[in-house]
Amino acid sequence: MAAISQNVEEIRSRVILGEFGVRNVHSTDFPGNYPGYDDTWDMQKFQEKFRIDMVSLDDSTLEFDMVGIDAALANAFRRILIAEVPTMAIEKVFVYNNTSIVQDEVLAHRLGLVPIKADPRLFEYRNSDGSAEEEGSEIDTIQLHLKIKCTRNPRASKESSDPRELYLNHMVYSGDIKWAPIGNQADVFAESSIGPVHKDILIAQLRPGQELDIIMHCVKGIGKDHAKFSPVATASYRLLPEITLLEPVTGEKAARLQRCFSPGVIQLQEVDGETVAVVANSRLDTCSREVLRHDDLKNLVKLGRVRNHFIFMVESTGILPPDVLVTEAIKVLMTKCQRFLNELDSAEMD
């Protein structure tokens, strides 16, 4: 019985990559999938097995492992990062003057997609009942201004044909967008550098006499309303690859086995004067299954993935640091869970 239980546990915890398919794929650990095996969910077991391991972190990207959860929870966390963590983005564009060749609606769309560096936690959601003032207020709106005009460069050489020398302000970048504080925002956000995250996003090209005079209103929103509110460039996860060598692989086979995987996965070592292949870091594998094309190698390797070990990669657009985005996503998930529990309590009372 113990051997059967161990076998079932291995099936439950691994996805096996075969030559012509994938085995042991289950979308959930719902109890009852495995007759004769006690797979009831237990809070204590979950707390013992669940963990989050930080792998790498910089200003824009975060890689971490989330171990001991179901695929449904991992995907819910990913979707929250993409669509439900709020940010500030340009919602209304008031075009007072646009003599460029870019149409107003195209220009407004380009401006809306420029990431705005402003902490959304310091602002409220804009009222949607129509009672709020059109221009917004200091607690729910950030006002930005873009005013620029292209002129000829009087110091340009007569022989020059380069627009960068002939014209001034002929390239309009996101860095030309300036923050215009509303109410007491200048005092409240005195230490904040509100404005575009990146200063080098090209918005339009002008020629002498053409100009832009635009006022923009930024409001708080979430990605499921519009992609411009999404705080991440990418938020993805993958299962931890697992590579097992069933037999020693030596000589020419070892070198060929190494070439079948991504760099760093398989290393060659000298043992008693013989080249031997060893698994160095299966995490780097892309699961291409290239090794299964070699008849003399495919039976020497077992390819799999750990079903409850998720490798997350979060790349921020720069509005908030990636570690802060993960924290905010966890708060959103906790709020959802609490809301669900409250609904259950209400249903029981009814």
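How big is region 124-205 by Rg and Dmax over its Cα atoms, in Å?
When restricted to Cα atoms, region 124-205 yields Rg and Dmax of 18.3, 60 Å.
Any idea what the relative contact order of region 182-337 is, in percent, if you count C-alpha pairs under 8 Å spaced at least 6 apart?
In percent, rounded to a whole number, it is 27.
Per-residue ellipticity at 222 nm for the chain, helices alone: DSSP H runs ≥ 4 residues times -39500 (n - 2.57), over residue total, nearest 500 deg cm²/dmol?
Computed mean residue ellipticity for the chain: -7500 deg cm²/dmol.
Per residue, how much accessible area does region 231-350 show when a 1.4 Å probe rolls over the protein heavy atoms, in square angstrom?
55
What value does the chain have for Rg/Rh, both radii from Cα atoms and Rh as Kirkwood defines it?
Here Rg/Rh amounts to 1.12.
Relative contact order for the chain: what is it in percent, counting Cα pairs under 8 Å that are at least 6 residues apart?
25
Would you work out the charge dipole size for the chain about its Cα centre, treating the Cβ of every Lys and Arg as +1 and the Cβ of every Asp and Glu as -1, and quote it to the nearest 20 debye?
Magnitude of the dipole: close to 1080 debye.
What residues have an amide H closer than 5 Å to that of Val232, excluding those fewer than 5 places away on the same chain, when H is modeled at 1.01 Å from N in the peptide plane?
Placed amide hydrogens put Thr317 under 5 Å from Val232.
Given springs between every Cα pair under 10 Å in a Gaussian network model of the chain, which of Asn127, Asn75, Asn308 has the largest fluctuation?
For the chain, modelled as a Gaussian network with Cα springs under 10 Å, the answer is Asn127.
I'd like the carbon and sulfur percentage of the solvent accessible area for region 207-350, probe radius 1.4 Å, heavy atoms only, ligands and nucleic acids excluded.
51
Return the lysines within reach of Lys302: Cα separation strictly under 30 angstrom, same-chain partners fewer than 8 residues apart disregarded; answer none if there are no such residues.
Lys45, Lys49, Lys253
GNM on the chain, C-alpha springs below 10 Å: top fluctuator among Asp58, Asp272, Asp323?
Asp272
So what is the accessible area of region 44-195 per residue, in Å², with the probe set to 1.4 Å?
Here the per-residue accessible area is 60 Å².
How do the peptides 325-336, 192-203 rank, highest first, by the average count of neighbouring beta carbon atoms within 10 Å per residue?
The densest-packed peptide leads the list: 325-336, 192-203.
In straight Cα distance, which lysines are under 25 Å from Lys147, not counting same-chain residues fewer than 8 positions off?
Lys92, Lys117, Lys178, Lys199, Lys220, Lys228
What whole-number distance in Å separates the alpha-carbon centres of region 149-166 and region 171-236?
28
Can you compute the FRET efficiency between Glu348 and Arg23 using 1/(1 + (r/R0)^6), with r the Cβ-Cβ distance and R0 = 45 Å? Round to the nearest 0.05.
0.60
The values are calculated or read from the model by the stated rules, or taken from the named source; none is laboratory data. Values in this document were obtained by computation on a predicted structure and should not be read as measured data. Heads up, the Cβs are rebuilt from the backbone with ideal geometry, glycines too, and the neighbour counts pull from every protein chain shown. Protein only, heavy atoms only, side chains kept; ligands, DNA and RNA dropped before computing areas. Shrake-Rupley method; radii C 1.70, N 1.55, O 1.52, S 1.80 Å.
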